[in-house]
Structure formats: structure tokens, C-alpha cells
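**Student:** My questions all concern the structure below.
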Amino acid sequence: MIVDFILIVISFFAWWLARYFPNDWAGVFPSCLAWSIIGLAILDIFCEIFSKKNNRDEIVETGDSNEEYFGKNSLLLAICVGVYLFMMPILGFVFSSGILSTIALKLYGVSGYLRASAFGFGFSALIYAVFSGIMNVALPVGILN
Amino acid sequence: MEAFLGEILANITTVQYWITLVVGVCSGLILGAIPGVSATMAVALIVPFTFGMGIVQSISLLIGLFFGTIYGGSIPAILFKTPGTPASAATIFDGYTMMKKGETGRALSIAAVSMIVGALIGTAVLVFFAPYISVVALKFGPAELFAMASFGIIVIVSVSDTSLLKGILSALAGLLVSCIGMEQMSGYPRYIFGMTGLMEGLPFIPVLIGLFAVSGALLMNRETSTKNEVVDVGFCELPSKKDFKHSFPTMLKSGILGALIGSAPGAGCDIAAFVSYAVSKHGAKKDDKFGDGEPKGIAAVESAKSACTSGALIPLLSLGIPGDAVTAILVGAFILHGIQPGPLLFENHAPLVSTIFATVLFAHILVFVTALLSVKWSTLILKLDQRYIKGGVLLLSIVGSFALRNNLADVWIAFIFGIIGVVMEKWKFPVAPFLLALILGQMAEVNFRRAMMLQEDSLTFIFHTPIALSILSVAVLFFMFSLVKRLRRRQK
């Protein structure tokens, strides 16, 4: 149901922006899509409300067998990736990626900072060497360099 | 005739020919396995190296590279849920699930065998039916291309695992996202918020990496075991007789479908892979568990993909029209060597055409052999601690998104779509319709508009073109059949 609400908000925003498109067709297609999404999302919300009981039964039956989940550590990792993307042009790819992968490995449950950082910095340096050296990808070197 | 055969033999029996072919296939497999390197990018990267070569060597290098890249993308898709190329994204649905069950060797060997079956079908279609198919392909106008894009989206929606409504919503969301960028008919930039990098639309590779790889890296593992379950495999692993028998009809059907889709100008291997997966899932038997490690799922995608690579050469060789971006680069390579692809190619350069046909076959066989030999090594990677693999995948996803255009904005796109992927997985929204609608959105919109303009802004354009009408009718039938099937299941 949360996704339906998100879709309604995004579609409404898309339609609102599409009203200001100067060309007739440029706005027609996204507007039609936006209203179709809003309509179907509302329908889906109703469907979910009416079938809530059935869903509950289903969850009890199947149990939570999913071995991967989005928890506190996932949220922390997502924030770290966001910060990393801001910091990468400043710190450079190798240094910032080394820090990110060390944090990621710790969040995944790897014991020992030394082991995590050795892998993190080592793998970052390897990737940098392959992509920058062989494939000519201009990975950020950072202003520190 | 003797001179003709002599010329072909002279072309394909040189050491240089085989060296360029092997180098092309091997580098294709490696480049395809790197997230962020698409077949187009790989071929474009290598083209400058062919400037000093003869036509036969350069064609063997590029064809080997093209086929290698397309298959190579499936290896990380199965091992790490990270598709190397957009076409490989469909391999994840069953391939990654098989990997999670410890059946990596089985998944990879089925992929390799399906690849060669599809490749043989595609090559046979290319050699024997190219002139006939090209006549139909020439009739493909905006209405037909719109119908084909709609067919892909409708079929993938109708086989959604969750509710049909969620599938439709997911596809519509994908279509809405595909509106980002410059509207091709009027040139008006839509939803770019001043970012010029979005003028061409959202790049697919970062979106794919985000939806599958980044979202997977953001999720934590509940289980205490840190090792992946891996069943040991032999040096050259082949699928069991049972698996082969079980998947062979799907390989055949998907091969034919892939070759036909590939031969239509404008339709690429990603469409062939998704449509073939959807069609196979639609016709699944009761025991088939598509999406839960079904060998037929891998067979459908891999067979269609490799058949499509051969099929894409049909409009290129017989009409001179490139079927997709990779074949457009191949046209450039032909012209660079003073050869104009098209109907006259068969008359003026018959031995060269036959050499190309032989190269297509040899390249597929080489990819198959290399793929089989790499199964054991691929499974060895999985014996590492999966927490380190996850950390490595996260870094590779970042660099793979960046490498596409040397642009940090693409990494942001991958990150945002990573979060969208997590949300979609948590609330059971199917990813496949979203993805295919995003890939086909622009094609559908532009061709819909063009077809309407040709009929003076009338929606009746569909009824004026029998091919488009047939394609759309089949799509509607698919959808109705799926709806009825679901309603019956609910009644039970």
C-alpha cells in the first residue's frame, strides 16, 4: 500500500509538471500515464484493504523465509553510500571506496577492522588499476592528490 | 564453384583469422561479465583496433566480441545478481535463484547449452531464410515497431508473479520513467530538472545495476552461514540428461522466437530475452517453477539471446539496415573496408558473405566451449565468504555505473534505483515489467506518434497494417488468457 501512495504522489507531480510542457504531445503521453497510475494505484489500495485478511493468512502460512532483509544496517549502509557519492570527488576513488567497503563489510558482519580494511582498500586499488589503467575510465583521483 | 570455395577456405584457414576470433570471443566474455560494459560499448572500444586489419580479420574479431559479450553478461547475472548487459537481466530470475540453492554449475551449464542451441537455430535462420525474412523485415514501419514494443510489455505484465494489477502498475511506472529526457518528436526536454546528462533519457545500465546489484548489496543476510552452498562440478560440466530433455523444447521455441525478433530492425536482444522468458512462463506446465530456479527460465533467455545475435545480422547483411546499436557499429566497420552491406553484397561479395556465415558459426561454438570450460572456475568464486563477495559487488556496481559515461550522476542513478529495487522487492512489486517498459518506453511512444502522424493523427493506424494488428492481437490474447487463468485460480 505504501508503494501505491508513493506512485500516486509521483504521478501527480509528473502530471503537474506535464501541464507546463509547451508542445501538446510532449505532455499528453506522461499525463495519460500519470492518471492511469493514479487510478490503478487507488484500485490497488482498495484491493489490498479488502484482501488484507487473506494476506495475513498467507504470511502465517508461508512464514518469513526470506533470508535477505532491509534492516537498520541496510539503512546505515544506504546513508554511507549517499555520503560516499558526495565525498568521492574530494577524496578520490581509492580512498573513499576503501572506507565505504570497510564500513560495508563491518555492517555485513565481518569481524576485525584490519581484515575488512585490508580487503576494502586492496579491492578498491585493484578496481582502480583495472578500470583506470586498462580501460581508460577516468575515475576521480580527488583533490587530495 | 571451386574458386568460390577456395576463397572461403583461404579466408578461414589463416592463423590471423583464428587468433582474432579467439581474442574477440575471450575479450567479449570478459568485457560482458563486467557490469557496466554493454555489447555496444565493447564493440565500439575494439573497432579502432580493426583499422589496420583486413575485412575478414576485423569481422571475425567484432563478431566474436559481440557474441562473447552477449553471453558473458549472463555469468555475473547468475553468480552475483548483477547483469553484465541489459539482455542478461532476465537470466537473474531463475539463474540467481539456482545459485542460491547451490546449483550454480547446473545453471551455468544449462545457460551454455541453451546458448549453443539458440545460436545454431539463429545461424540456420540467417543462412537459409535471410532473404525471405528480410522481405518481411523491410515492411516493419512505426506501427509494427509500436506493436512489437507493446507486445513485449503486455506479455511480461501478463506473467507477473504477483497480482496482475501490480504488474500493470509496475509497467506504467516504467513507461513514466522512460519519459525522462528529450521527447524525440518535438525535442522538448521532459523531467530533466536542468540536468543535461538526462537529455538522452535514463541510461539503462546504471538502472539495471541499481535494481539488481545495488539493491542486493543493501540487503543484509539473516542466515548465520557466510558461505554460499556450491555443488562441486567437473572440469567441463554439461547439464544432466534430465535437465536437457526438460529444457530442450523451450530452447527450440525460444531460439526461433529470438531469431525472428532479432531480424526485425530496431528490436534488440533485451527484447528477445524478456519476451521469450514471458512466453515460456506463459506456456509453463504445472510442475514448472518459473522464478524459483526453473532451468527452462534460463534456457528461454539464453537461447533467445544467442539466436537474436545471429538474427540481428539478417537486416544488416540483406538490407544494409542495422538491427540494433551493435550492428550499426558493424555497418561502420564494413564501410571502413569499402564494403556496402545490402542486397548487392550477396551478388558482389558472395565468398565474403559465406565467410561471415562460417564466422558466425565458429564464434558461437567458441563461446560455447569457453563457457563450458569456465563453469568450474565460476563456481570456485562462490566458495569465498559471501560477505566479501557482497562488498566486492557493491564496489563493482559503483564503478560499472561510472564507467558507462565517466559520469558520477550515473552512480547516483544506480543508487536511487537500488533503493527503488529494495522497495519493489519488499512490497512485492514485479521488477521485470518496470524494466522492460523502461527499455521499450521511448520506442513505443515515438513509433506510436509516427504511426499516428502517417494516418493523419488517427488511431486507426493499427487496422491499416496487418503485421501490427496480428502482433497486438496475439498480445491481447496473451493478456486475456492470463486474466482468465488467474480468475479461475482464485475461484478454486
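The values are calculated or read from the model by the stated rules, or taken from the named source; none is laboratory data. Just so we're clear, the structure is a prediction, and the values are computed from it rather than from any experiment. We place every Cβ from the backbone using ideal geometry, glycine too, and count neighbours over all the protein chains shown. The area values use the complete protein model at the heavy-atom level, side chains included, leaving out ligands, DNA and RNA. Shrake-Rupley method; radii C 1.70, N 1.55, O 1.52, S 1.80 Å.
**Student:** Tell me which residues, restricted to the stretch A:1-29, are modelled with pLDDT of 90 or more and either crowded, with 19+ Cβ neighbours inside 10 Å or more than 10 Å from chain B (Cβ to nearest Cβ) (or both).
**Tutor:** Residues satisfying the conditions are A:Phe5, A:Leu7, A:Ile8, A:Val9, A:Ser11, A:Phe12, A:Ala14, A:Trp15, A:Trp16.
**Student:** Here is a follow-up. Could you grab me the full set of residues in the stretch B:388-447 that are more than 7 Å from chain A (Cβ to nearest Cβ) and either in contact with a His (Cβ under 6 Å, 6 or more places away or on another chain) or on the phi > 0 side of the Ramachandran plot (or both)?
**Tutor:** The answer is B:Lys428, and nothing else.
**Student:** Kindly indicate which of B:Thr355, B:Thr379, B:Thr359 is farther than 21 Å from B:Val23 by Cα and buried (at least 17 other Cβ atoms within 10 Å of the Cβ).
**Tutor:** B:Thr379
**Student:** Kindly provide the set of residues from the stretch A:88-109 that are at the interface with another protein chain (Cβ under 9 Å from one of its Cβ atoms), farther than 21 Å from A:Val141 by Cα and not hydroxyl-bearing (Ser, Thr, Tyr), ordered by number.
**Tutor:** A:Ala104, A:Leu105, A:Leu107, A:Gly109
**Student:** Which residues, taken from the stretch A:133-145, are at negative phi, more than 9 Å from chain B (Cβ to nearest Cβ) and in a loop (DSSP other than H, G, I, E, B)?
**Tutor:** A:Val141, A:Ile143, A:Leu144, A:Asn145, listed by residue number.
**Student:** Please tell me if B:Leu408 is farther than 30 Å from B:Ile121 by Cα, in contact with a Phe, Trp or Tyr (Cβ under 7 Å, 6 or more places away or on another chain) and surrounded by fewer than 21 Cβ atoms within 10 Å (Cβ to Cβ).
**Tutor:** yes
**Student:** Restricting attention to the stretch B:391-441, report how many residues are closer than 25 Å to A:Gly109 by Cα and basic (Lys, Arg).
**Tutor:** 1
**Student:** OK, next. Kindly evaluate B:Val431 against the criterion of being among the aliphatic types (A, V, I, L, M) and within 14 Å of B:Leu208 (Cβ to Cβ).
**Tutor:** yes
**Student:** So which helices (runs of 4 or more DSSP H) stay within the stretch B:1-106 end to end and still have 1 or more residues that are charged (D, E, K, R) and open to solvent by 10 Å² or more (accessible area, probe 1.4 Å)?
**Tutor:** Ranges flagged: B:2-12, B:89-100.
Conditions tested, residue by residue: (1) within 21 Å of the chain's Cα centre (by Cα); (2) in contact (Cβ under 8 Å) with a residue 24 or more places away in the chain.
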residue	(1), (2)
B:Gly320	no, yes
B:His337	no, yes
B:Pro343	no, yes
B:Val367	yes, yes
B:Ile381	no, yes
B:Ser401	yes, yes
B:Val423	no, no
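**Student:** Another question about this same structure. What residue, among those in the stretch B:183-223 that are touching a strand residue (DSSP E or B) at 6+ places or on another chain (Cβ under 8 Å) and more than 12 Å from every other protein chain (Cβ to nearest Cβ), is least open to solvent (accessible area, probe 1.4 Å)?
**Tutor:** Out of the qualifying residues, it is B:Gly201.
**Student:** One residue is enough: does the stretch B:327-337 have a residue meeting the conditions under 18 Å from B:Pro83 (Cα atoms) and out of contact with any Pro (no Cβ under 7 Å at 6 or more places or on another chain)?
**Tutor:** No: the stretch B:327-337 contains no residue that is under 18 Å from B:Pro83 (Cα atoms) and out of contact with any Pro (no Cβ under 7 Å at 6 or more places or on another chain).
**Student:** Which of (1) modelled with pLDDT of 80 or more; (2) outside any helix (DSSP H, G or I); (3) buried (at least 19 other Cβ atoms within 10 Å of the Cβ) does B:Gly323 not meet, given it meets every other one?
**Tutor:** It is condition (1) that B:Gly323 fails.
**Student:** Here is a follow-up. Residues in the stretch B:452-459: is at least one open to solvent by less than 20 Å² (accessible area, probe 1.4 Å) and either of a type in the set (Phe, Trp, Tyr) or touching a residue at least 24 places away in the same chain (Cβ under 8 Å) (or both)?
**Tutor:** No, the stretch B:452-459 contains no residue that is open to solvent by less than 20 Å² (accessible area, probe 1.4 Å) and either of a type in the set (Phe, Trp, Tyr) or touching a residue at least 24 places away in the same chain (Cβ under 8 Å) (or both).
**Student:** Looking at B:Leu330, B:Leu395, which one is open to solvent by less than 40 Å² (accessible area, probe 1.4 Å), assigned to a helix (DSSP H, G or I) and free of Cβ contacts under 8 Å to residues at least 60 places away in the same chain?
**Tutor:** Answer to the selection: B:Leu395.
**Student:** For residues in the stretch A:112-132 being within 10 Å of chain B (Cβ to nearest Cβ) and either more than 16 Å from B:Gly400 (Cβ to Cβ) or in contact (Cβ under 8 Å) with a residue 60 or more places away in the chain (or both), which is most open to solvent (accessible area, probe 1.4 Å)?
**Tutor:** A:Arg115
**Student:** Closer than 20 Å to B:Leu435 by Cα, open to solvent by 10 Å² or more (accessible area, probe 1.4 Å) and in contact with a helix residue (DSSP H, G or I) (Cβ under 7 Å, 6 or more places away or on another chain) - does that describe any residue in the stretch B:292-307?
**Tutor:** yes
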